[in-house]
Amino acid sequence: MLKNDYRVYEESVRREMLPFVPENAKTILDVGCSVVNFGEMLKVERGAEVWGIEPDQEAAFLAARRLDNVLCGHFDPNLDLANKRFDCIVFNDVLEHMVDPYSALEYAKSLLVPKGVVVASIPNVRYFMNVWNLLVYRAWDYVDTGILDRTHLRFFTRDSIVRTFVKHGFRIQSITGINSLAMCNPSMRLKFSVLNLVTLNRSSDMKWMQFAVVATPEGGE
């Protein structure tokens with residue numbers, strides 16, 4: 001995360017992402033770990049060795065009390081990390097904050113063991129509420145959290161997520177919608193259902209606020 005952004009997200013545990021982390025992953029790197037609510041959950045519930053990367057010094061200081069090792073810095077080859085070290089690398093709503101998420105994925109490949117995986121949560125810019133606000137209210141307003149978080153530098157759809165991972169040498173094991181329109185009022189859910197019906201289910205991806213991706217480097221299995 002960018003400097004001081006961790007305060008906005010520090011209450012988020014991201015329990016919905018836990019099932020996507022392989023149960024046999026014993027060494028895990030949490031990139032953009034913030035104050036490590038998710039990483040600490042992995043330690044407690046999975047007994048994993050969890051490392052964190054966090055560019056904000058204050059957040060990294062707090063995280064260091066709760067994880068096995070925390071490095072303060074940006075996720076790039078300047079970090080003092082050994083190659084082929086981790087079973088799993090987690091990017092929970094982090095790639096969209098990066099100037100160059102593509103190089104981050106390339107770097108991640110070098111840090112994974114041969115059968116290691118990347119697990120990522122990535123916001124869906126085609127989320128129905130986001131598109132509705134744009135089309136009906138002509139609104140594209142940046143806010144503190146969510147898809148239009150003012151610190152987001154990149155925007156992704158389901159298809160562009162897949163293309164990005166494939167282009168950079170990954171094979172998608174799964175891509176799953178998370179945090180759906182069920183959280184919205186019935187009127188919005190009805191509007192989405194009508195749109196999806198008239199588009200012959202081609203709008204089904206707009207139901208999801210984010211996508212959870214599990215991917216392994218090509219040749220990693």
> If you take the residues in segment 18-56 that are polar (S, T, N, Q) and within 25 Å of Glu106 (Cα to Cα), which one is surrounded by the fewest Cβ atoms within 10 Å (Cβ to Cβ)?
Replying inline: Asn24
> Got at least one residue in segment 131-142 being out of contact with any Pro (no Cβ under 7 Å at 6 or more places or on another chain) and closer than 15 Å to Arg171 by Cα?
Replying inline: no
> Is it fair to say Ala104 is in contact (Cβ under 8 Å) with a residue 24 or more places away in the chain, in contact with a Ser or Thr (Cβ under 9 Å, 6 or more places away or on another chain) and either over 24 Å from Val213 (Cβ atoms) or small (Gly, Ala, Ser) (or both)?
Replying inline: no
> If we keep just the residues of segment 3-59 that are of a type in the set (Ser, Thr, Tyr) and part of a helix (DSSP H, G or I), which is modelled with the highest pLDDT?
Replying inline: Tyr9
>> I need the full set of residues from segment 170-221 which are under 13 Å from Val117 (Cβ atoms) and among the acidic types (Asp, Glu), in order please.
In response: Glu218, Glu221
> Being outside any loop (DSSP other than H, G, I, E, B), within 22 Å of Glu45 (Cα to Cα) and either touching a residue at least 12 places away in the same chain (Cβ under 8 Å) or β-branched (Val, Ile, Thr) (or both), is that true of even one residue in segment 65-79?
Replying inline: yes
>> Looking at segment 114-139 only, could you name the residues that are touching a helix residue (DSSP H, G or I) at 6+ places or on another chain (Cβ under 7 Å), surrounded by 14 or more Cβ atoms within 10 Å (Cβ to Cβ) and small (Gly, Ala, Ser)?
In response: Ala120, Ser121
> Out of all the residues in segment 80-105, which are farther than 19 Å from Ile161 by Cα, assigned to a strand (DSSP E or B) and not hydrophobic (A, V, I, L, M, F, W, C)?
Replying inline: Asp87
>> Could you check segment 80-89 and list, in sequence order, the residues that are surrounded by fewer than 22 Cβ atoms within 10 Å (Cβ to Cβ) and in contact (Cβ under 8 Å) with a residue 60 or more places away in the chain?
In response: Asp87
> Considering segment 80-117 alone, what residues qualify as being in contact with an Asp or Glu (Cβ under 6 Å, 6 or more places away or on another chain) and either at pLDDT below 95 or within 17 Å of Phe20 (Cβ to Cβ) (or both)?
Replying inline: Val90, Lys115, Gly116
> List, please: which pairs have Cβ atoms under 6 Å, are six or more places apart or on different chains, and start with a residue in segment 140-160 that is among the charged types (D, E, K, R) and surrounded by 17 or more Cβ atoms within 10 Å (Cβ to Cβ) and end with one that is outside any loop (DSSP other than H, G, I, E, B) and at pLDDT 95 or above?
Replying inline: Arg154/Glu96; Arg154/Pro101; Arg158/Asp205; Arg158/Phe211
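The values are calculated or read from the model by the stated rules, or taken from the named source; none is laboratory data. Values in this document were obtained by computation on a predicted structure and should not be read as measured data. All Cβ positions, even for glycine, are placed from backbone atoms using ideal geometry, and neighbour counts span all protein chains on display.
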